[in-house]
Amino acid sequence: MENPKNLIIVIFGASGDLASRKLIPAIFSLKSQKLMPEKYAIIGVGRTKISTSDFRTKMSESIVAFSEEKETDKTLITSFSEDLYYHSMDNSAAGGYDELKTFLHETDDKYGIGGNYIFYLATPPSMYEVISVNLAAAGLSDQQKGFRRVIIEKPFGYDLESGRKLNARLHELISEDQIYRIDHYLGKETVQNLLVTRFSNGIFEPLWNRNYIHRVEITSAESIGVEERGGYYDSSGALRDMVQNHLLQMVGLTAMEPPSSLDADAIRNEVLKVFQSLQPIKEEDVAKQVIRGQYTGSLIRGECVTGYRNEKGVAVDSRTETYVAVKFFINNWRWGGVPFYIRTGKRLPTRVTEIVIHFKPTPHHLFQREAGKMPANQLIIRIQPDEGILVKFDMKEPGAGFNVKNVNMDFHYKDLANIRVPSAYERLLHDVMLGDSTLFSRDDEVETAWKFLEPIQKAWANNPEIKIFGYPAGTWGPEHANDLIEGEGYTWRYPCKNLADDELYCEL
Ligand code: BG6
């Protein structure tokens, strides 16, 4: 594996949760695996006034608490923390950036870096513009000497208009190839494995189209509620928080044409083409094609679970969706007429993300099967947890006659010896250091995704009569979502039963 060039990573918002729970532990993991550059330094920037020494202590504690490395021995952490620095400043005040520049140059000289800087904006999105303006004004995003890259986290806007505005504003200051928009789902090993499953095997691709596939289903379920993020979530909702980015990216990789190469733009061009082919949902069809829900209080395994409207930071009369299911089509030769169903929600019975390819049934049913069971094969790509791939197919039940049983062929990543699945942030940070933007959302992808969602956002805003269904926490969301699935006898796949009336029981 290639090692990145010497560099400095500047983390704005270094006293926040993202830095301590994800970024620093991920960089520590890269260091443990010898994937960091020979020389590097990390500078945490924030308004909180703490010393470098306190920052080192705080980050060392975070590594112990959140690192996925098995080896977090003290010596390793101490040597890692020696390259961490803290610089206190107000990110929004232009005045502080000259001092930051001086500090960066001093650190650069001390290590012999050569001018390569990455700026990670681990701040609220409202700060992206002002930080970028100040970096540009101080000449810090200028690539005359070394590379300058800027990482931003979603949300990339709030709707099509604000998404476009944000991109346009960033482009006035830095070029698109300096911007790395993080979608942490693309950093997940199993999401990347979609490319390998599809394009490194001869057996799937010939079947991967409208002739053999009946429907595609993508689920990203969470058992947790909004936790401490009620304030943010209530102004966002599941459509913006999960569908605009993570779910549509999974649709893109599932539905794309084979790229001509592994080049970042070759792959992202194909994902963009999928987004451009999404059949627009008319505003008047939103109620039929999109089901939204909100969790209500319930009892899970004897414990009271708060309803969404009673969560901290959430309005008591909130109409924000914590669940959304969408049915849509992709208008191209490969997928014409194949329904895609995607759903995501909080406070569902379990945490699971999976892509289910439902193949068409055989044209003629020769064999007897259990009453009510539909003959069909499924390929299930389990993104998380228990990462792997499952194929469901029919087999003869031993004994007299020709009774058919549906059985599983199951691959689990965990069965691979000595394989550790890296965290999404590890992979993505390493890619930014290498300058590989394959797994980052490009400006046009983001805008096209917003464009697809625009009629849904408008319909919900303009028609309060479009229902938001309550669903008890711990269940699979509103039952109305079942009405989306076309065809007699077809339903969503339920990887485990409803929790509310049963103990968790997974039958993957
Ligand atoms: C984030 C959303 O992007 O993804 C959260 O803002 C959500 O609301 C999270 O909980 C889910 O990520 P994961 O990796 O746990 O599936």
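Values for this structure:
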read-out: Filter pass, SER223 being more than 16 Å from the ligand (Cβ to nearest atom) and small (Gly, Ala, Ser); value: no
read-out: Residues located in the stretch 187-218, provided they are out of contact with any Phe, Trp or Tyr (no Cβ under 7 Å at 6 or more places or on another chain) and open to solvent by less than 10 Å² (accessible area, probe 1.4 Å); value: THR190, LEU194, TRP208, ILE218
read-out: Flag if TYR323 is of a type in the set (Phe, Trp, Tyr), under 13 Å from GLY477 (Cα atoms) and crowded, with 19+ Cβ neighbours inside 10 Å; value: yes
read-out: Residues within the stretch 175-185 that are surrounded by fewer than 16 Cβ atoms within 10 Å (Cβ to Cβ) and outside any helix (DSSP H, G or I), tallied; value: 1
read-out: In the stretch 37-56, the residues that are surrounded by fewer than 13 Cβ atoms within 10 Å (Cβ to Cβ) and assigned to a helix (DSSP H, G or I); value: SER53, ASP54
read-out: One residue from ASP265, ASP285 being at negative phi and either of a type in the set (Lys, Arg) or within 21 Å of the chain's Cα centre (by Cα) (or both); value: ASP265
read-out: Cβ-Cβ under 7 Å pairs, at least 6 apart or on other chains, the stretch 350-361 side more than 12 Å from the ligand (Cβ to nearest atom), far side charged (D, E, K, R); value: VAL356/GLU217; VAL356/ARG493; HIS358/ARG215; HIS358/GLU217
read-out: Unique match (being closer than 24 Å to HIS480 by Cα and either away from the ligand (no atom under 16 Å from the Cβ) or not polar (S, T, N, Q) (or both)) among GLY336, GLY313, GLY297; value: GLY297
read-out: Matching residues in the stretch 94-150 - criterion: being assigned to a strand (DSSP E or B) and touching a residue at least 40 places away in the same chain (Cβ under 8 Å); value: TYR117, ILE118, PHE119, TYR120, LEU121, ARG149
read-out: Unique residue being hydrophobic (A, V, I, L, M, F, W, C), away from the ligand (no atom under 16 Å from the Cβ) and under 21 Å from the mean Cα position of the chain (by Cα) when the list is PHE402, PHE393, PHE452, PHE469; value: PHE452
read-out: Residue identified as within 26 Å of the chain's Cα centre (by Cα) and modelled with pLDDT of 90 or more among LEU429, LEU416; value: LEU429
read-out: From GLU270, GLU172, GLU161, GLU257, residue being closer than 19 Å to ARG442 by Cβ and part of a loop (DSSP other than H, G, I, E, B); value: GLU257
read-out: Out of ALA424, ALA376, sole residue that is within 16 Å of the ligand (Cβ to nearest atom) and aliphatic (A, V, I, L, M); value: ALA424
read-out: Any chance VAL251 is buried (at least 17 other Cβ atoms within 10 Å of the Cβ) and either within 13 Å of the ligand (Cβ to nearest atom) or hydrophobic (A, V, I, L, M, F, W, C) (or both); value: yes
read-out: Qualifying residue in the stretch 233-242 (condition: of a type in the set (Ser, Thr, Tyr) and within 11 Å of the ligand (Cβ to nearest atom)); value: yes
read-out: Residue match in the stretch 407-421 (condition: surrounded by fewer than 19 Cβ atoms within 10 Å (Cβ to Cβ) and closer than 30 Å to VAL150 by Cα); value: yes
read-out: Residue count, the stretch 11-36 (criterion: in contact with a helix residue (DSSP H, G or I) (Cβ under 7 Å, 6 or more places away or on another chain) and either closer than 20 Å to GLY115 by Cα or assigned to a helix (DSSP H, G or I) (or both)); value: 17
read-out: Failed criterion for PHE103 (all others in (1) surrounded by fewer than 21 Cβ atoms within 10 Å (Cβ to Cβ); (2) at pLDDT below 95 hold); value: (2)
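Results for (1) open to solvent by 20 Å² or more (accessible area, probe 1.4 Å); (2) part of a helix (DSSP H, G or I), shown as yes or no for each residue.
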{"residue": "ASP444", "(1), (2)": "yes, yes"}
{"residue": "THR448", "(1), (2)": "yes, yes"}
{"residue": "LYS451", "(1), (2)": "yes, yes"}
{"residue": "GLN457", "(1), (2)": "yes, yes"}
{"residue": "GLY470", "(1), (2)": "yes, no"}
{"residue": "GLY474", "(1), (2)": "no, no"}
{"residue": "ASN482", "(1), (2)": "yes, yes"}
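The values are calculated or read from the model by the stated rules, or taken from the named source; none is laboratory data. Note that this is a predicted model, so its numbers are computed, not measured. Ideal geometry is used to build each Cβ from the backbone, glycine not excepted, and the neighbour counts take in all protein chains shown. Accessible surface is based on the protein model in full, side chains and every heavy atom, while ligands, DNA and RNA are left aside. Shrake-Rupley method; radii C 1.70, N 1.55, O 1.52, S 1.80 Å.
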